[in-house]
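Working notes, structure below.
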Amino acid sequence: MKKILFLAALALSVVSCDMDKTPYDAIPDTEALTTPTDFANMRTGLYSGLRSSIGGDAFYNSPEIQCDGFHAVVGYSNNMGDMYRWDFTSNSDAMGSVYGNYQALISRANFIIGGYDKCDMSNEMLFTPTDKAEVANVKGEAFFIRAYSIFMLSQYFCADYNATTATAENSGVSYRLDYAPSSSSSTYPGRKTLEETFTQVKNDLDSAALYITTEGMPSNIYVSKDAITALRARVALAMDDYANAAAYAASLIETGTYTLAADIDELADLWYNDGGNETILQLAIASADELAAATGTVYQPYQEGSVPDYLPTQTLVDLYSDVDYRKYVYFNELTLTTVNGASGTVLGFNKYPDQTRLWNELNKQEAARFVIEPKVFRIAEMYLIAAEGYAQANEIAKASEYLNALEASRIHQYPGQAFQSKESVMAEIQNERQRELIAEGHRLFDLKRWNLAVKRGEPQQADLCLLPGATTTALVKDANDNKFVWPIPRHEVDANPQIVQNPGY
């Protein structure tokens, strides 16, 4: 991802679908949105940008490697080494990629929203009733993706939401709500409060709901009414609004539209073949030009005789019983020999496997290895949100119901558990979120929300791990460590005098 100046003119060519290739200059007045085709082209770019902002090293692996579930292997490539060691800075790659992509998405969304409001649709031959409905839906998608982008920026670059501190100055995200590229840094906005940030996210979701007409269905490739509800649930949980988090999540479960994988084959189909009925929003990849970032390359040997960059800890592996289907879908047996001569047979992480359906359908291209269609929301997450929301509201029976339902779909002949307290059910929810959502970009935000320290797990085999010790395999970081909040990229702070950097950077 190019290093961009946040509110200098951003990438918005109406024909470009690749955020890395789009020129970061202003859109000429001649490229205003004046026809249904213009809106369709911008919609393509909007989804391309979203696809580029799900998975891969920056969005999923960096926060995961920062946490507790993986160890670096002797001979690894040093990919994300700064995240693993917790010595990342405001110049680190992950910060620039995440910040830049989401800001570019916000800018694209602003262009569509503003373009819709300015567009003359009085010509009924050019804008038929069907065209008007489709264009209005694109505006709704822009509101949704702006909400999603602002929310995700808050997750990486802001402290956990707390109602008592959310009104503090510069605690939130810096963003615009109009497309107004400028070379004058005096026009760039500073950071909002976190309260203002979350209010904007909720307002944008309300606006999205006014325009989006797409009904929910499994593996929907476009933003649907159900995707709006799923994001509402995720946002409410982040805000400690437990009643609404549980209600939104439960409403999606109760429709029956999305069903959990019933056995090991269905679970494998979800991750190897992009199949099943669990996914609420799954971004389509129809050609090599649309390939998303590969998430699995750092967890598996890339070629025969090589070693992966990272292995799951024994502590993580032990979270899964031998009758848990995920143990056989998310992990595989690897026999490794490192450059220092250590060897052993261990479990590798294989949730994003090599040679998936996409690899086969795209003529076995190298770039398609370890790539699956990005799964933005899954119904399994909704079960976990419902369980946590009810647990935090001290509705233990309801929390147990949703938690047991998820685990029954993942564990052979699961007998169910009878939880007697908020503490006991929350402990299992915390374990289950790591089991189920491992390497889907949630772990750092979960630990931050729960105010829990990072305590890296025990190695599967210590001599396979790089430089075992206090800064690697035995790393412990207090829940109040400033690096739970990522730094705003250095180039953004330098370019925008209104930006206030996060504490400690």
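The values are calculated or read from the model by the stated rules, or taken from the named source; none is laboratory data. None of these values were measured; they are calculated from a predicted model. Ideal geometry is used to build each Cβ from the backbone, glycine not excepted, and the neighbour counts take in all protein chains shown. Quick note on the areas: whole protein, heavy atoms, side chains included, nothing else; ligands and nucleic acids left out. Shrake-Rupley method; radii C 1.70, N 1.55, O 1.52, S 1.80 Å.
Relative to the longest principal axis of the Cα atoms of the chain, the long axis of helix 93-118 lies at roughly 30 degrees.
When the inverse distances between all different Cα atoms of segment 405-498 are averaged and flipped, the Kirkwood radius reads 16.8 angstrom. Rg and Dmax of segment 103-169, based on Cα coordinates, read 16.8, 54 Å.
Charge tally for Asn79 (other residues, Cβ to Cβ under 11 Å; Lys, Arg +1; Asp, Glu -1): -4. Toward the positive end of the charge dipole of the chain, with +1 on the Cβ of Lys and Arg and -1 on the Cβ of Asp and Glu, the farthest Cα among Ala133, Ala166, His71 is that of Ala166. Residues of segment 62-90 with an amide N closer than 13 Å to a point placed 7 Å from the Cα of Lys455 along the Cα-to-Cβ direction: 68.
Normalised by the number of residues in segment 382-505, the mean separation of alpha-carbon contacts (under 8 Å, six or more apart) gives a relative contact order of 15 percent.
Each 10 Å bin, from zero up to the one with the longest distance, holds this percent of the alpha carbon pairs of segment 321-471: 9, 28, 33, 22, 7, 0. The charge dipole of the chain, taken about its Cα centre with unit charges on the Cβ atoms of Lys, Arg (+1), Asp and Glu (-1) only, comes to about 760 debye.
Seen against the Cα atoms of the chain and their longest principal axis, helix 396-410 is set at about 80 degrees. Cross-link reach is defined here as a Cα-Cα straight distance under 16 Å, omitting same-chain residues fewer than 8 places apart; for Lys448 the lysines meeting it are Lys477, Lys483. Remark: relative contact order (the chain) = 21 percent; criterion is Cα-Cα distance under 8 angstrom and separation of 6 or more residues.
Averaged over its residues, segment 173-296 has an accessible area of 39 Å² per residue, based on protein heavy atoms and a 1.4 Å probe. Normalised by 2.2 N^0.38 Å, where N is the number of residues, the alpha-carbon radius of gyration of the chain equals 0.96.
Working note: 222 nm ellipticity from helices only, DSSP H runs with n ≥ 4, each -39,500 (n - 2.57), summed and divided by the residues of the chain, gives -13000 deg cm²/dmol to the nearest 500.
Check which residues have an amide H placed less than 5 Å from Tyr175's amide H, if you skip close sequence neighbours. When sequence neighbours closer than 5 places are left aside, the close amide H contacts are Lys192. Between 0 and 90 degrees, rounded to the nearest ten: what's the tilt of helix 242-254 against the longest Cα principal axis of the chain? The answer is roughly 90 degrees. Extension gain, Asn203 to Asp178: 0.36 nm times the residue separation minus the Cα-Cα distance gives 7.5 nm. Dipole of segment 350-505 computed with +1 at Lys/Arg Cβ and -1 at Asp/Glu Cβ about the Cα centre; of Gln461, Asn480, Met382, farthest Cα towards the positive end is Gln461.
Distance between the pseudo-spin-label points of Thr164 and Thr315 (7 Å out from Cα toward the beta carbon): 2.8 nm.
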